[in-house]
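What follows is calculated from the coordinates using simple rules that are stated; it is not laboratory data. It should be emphasised that the depicted structure is a prediction, and the values quoted were computed from it without experimental measurement. FYI the Cβ positions are ideal-geometry reconstructions off the backbone, even for glycines, and counts take in every protein chain you see.
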Amino acid sequence: MKKLSPIDKLLYFLNSLFATLLLLSYLLPYVSPKTIPLFAILSLFVPILLLINLAFVIYWLIKLKKQLILSSLILLIGWFTVTPFYKLSKKNTPLNTDLKVMSYNVRTFNHWNWLNEEGIEEKIISFIKDNDPDVLTIQENMSLPKYVLDFPYKYIEKKYARGRFGMAIYSKLPIINQGSLKLKNTSNNIIFADIIRKKDTIRVYNLHLQSLSISPDKENFGQENSEKLIKTLKDRFKQQAEQTELFLTHEKNWKGKKIVCGDFNNTAYSWVYNQVSKNKKDAFIEAGKGFGKTFKYPFPMRIDFIFSDENANINQFNTFSEKYSDHYPILARINW
């Protein structure tokens, strides 16, 4: 430190702080939000922490300073212990026998004009038709006739009997069983459908875990509102943990082939992701490329997922860039 300028000393202090936070974040998958809810908030900032630490490595490397060792070491630890932040290569071996599975939070097909653009619902429906999935899971569905998609089989679940908001599973293949976990005290939900493919019955779960309801571009981060925001986030993360436990209990009763899709409202560095992904394949990790960003945010945030059971092969995965919602659709080609 003696050879560092005052500015570099300050930067190294900040570097140490961000490196410590990143190191702590590696523990997130193993700590339930029900135990330490405040700690779970850190999961939202892991992508930022990774980028900041990478920037420090580059900075110290340019200046040929040994201070680059700190963030380099912590990033190296993360490379071997946490879910990849960026995929350098992708798998692209599609087969005619693949099951094409899409997950999409459509934000009610823009029913309440979230986007100031005409014909969003037609664009979403056209996009889905062009990509021709065999199975489609939709979060934030709106069950009006003009939003119903042209699939031979469907399960549309409304959250409230007199409402239209809810979730949906569409399928080209017969649905022989369906159900809802009917999450309480929330507008979110988890539904499932059992589909027949040749001689197999495949269970498809559609998860929409507790929304965090934060909009950084609109929030006032003054002291009063910051305290309110933190309390809200703590409560929402605890709800996510309870919903995840309910899902895991339900899932245990199914021993066959399965696909788990949805909007988790949490990142791949969270306890929620760690619990749901156990004994499964993450389609992005298996076949995706890049950041896999699925949410319209200033930095790369992957909160929408498609999982298969361990016996499946993920032959292709795509994250699309269509801006018809605050989420980006994802599609995987799966085979057994």
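Taking the convex hull of the alpha carbon positions in the chain and averaging its projected area over all directions gives 19.3 nm². Residue pairs exceeding 20 angstrom between C-alpha atoms, taken from K258/K289; K154/K198; K146/K198; K234/K323; K87/K123: K258/K289; K146/K198; K234/K323; K87/K123.
Ellipticity at 222 nm from helices only: DSSP H runs of n ≥ 4 in the chain, each -39500 (n - 2.57), divided by the residue count, give -10500 deg cm²/dmol. Legend: ranking of residues K129, K199 from fewest to most surrounding C-beta atoms inside 10 Å; resulting order K199, K129. I need the calculated FRET efficiency for the pair I48 and T81, taking r as the beta carbon distance and R₀ as 25 Å, to the nearest 0.05. Calculated transfer efficiency: 0.85. Within the listed set L44, L64, L99, the residue fluctuating most in the Gaussian network model of the chain (springs between alpha-carbon atoms under 10 angstrom) is L64.
In this label model, K252 and V148 are separated by 3.9 nm, measuring between points 7 Å along each Cα→Cβ vector.
In terms of other Cβ atoms within 10 Å, H111, H327, H208, H250 run from fewest to most in the order H250, H111, H327, H208. The ranking of T83, T201 from fewest to most other beta carbons within 10 Å of each one's beta carbon is T201, T83.
The GNM of the chain, with springs linking C-alpha atoms under 10 angstrom apart, assigns the highest mean-square fluctuation among S270, S16, S325 to S16. Against the empirical curve 2.2 N^0.38 Å, the C-alpha radius of gyration of the range 6-81 lands at a ratio of 1.18. Residues of the range 302-334 with an amide N closer than 14 Å to a point placed 7 Å from the Cα of K198 along the Cα-to-Cβ direction: 312-313, 334.
Once you divide the Cα radius of gyration of the range 149-285 by 2.2 N^0.38 Å, the number left is 1.19.
Once the Cβ-Cβ distance of N185 and F13 is raised to the sixth power relative to R0 = 51 Å, the FRET efficiency obtained is 0.70.
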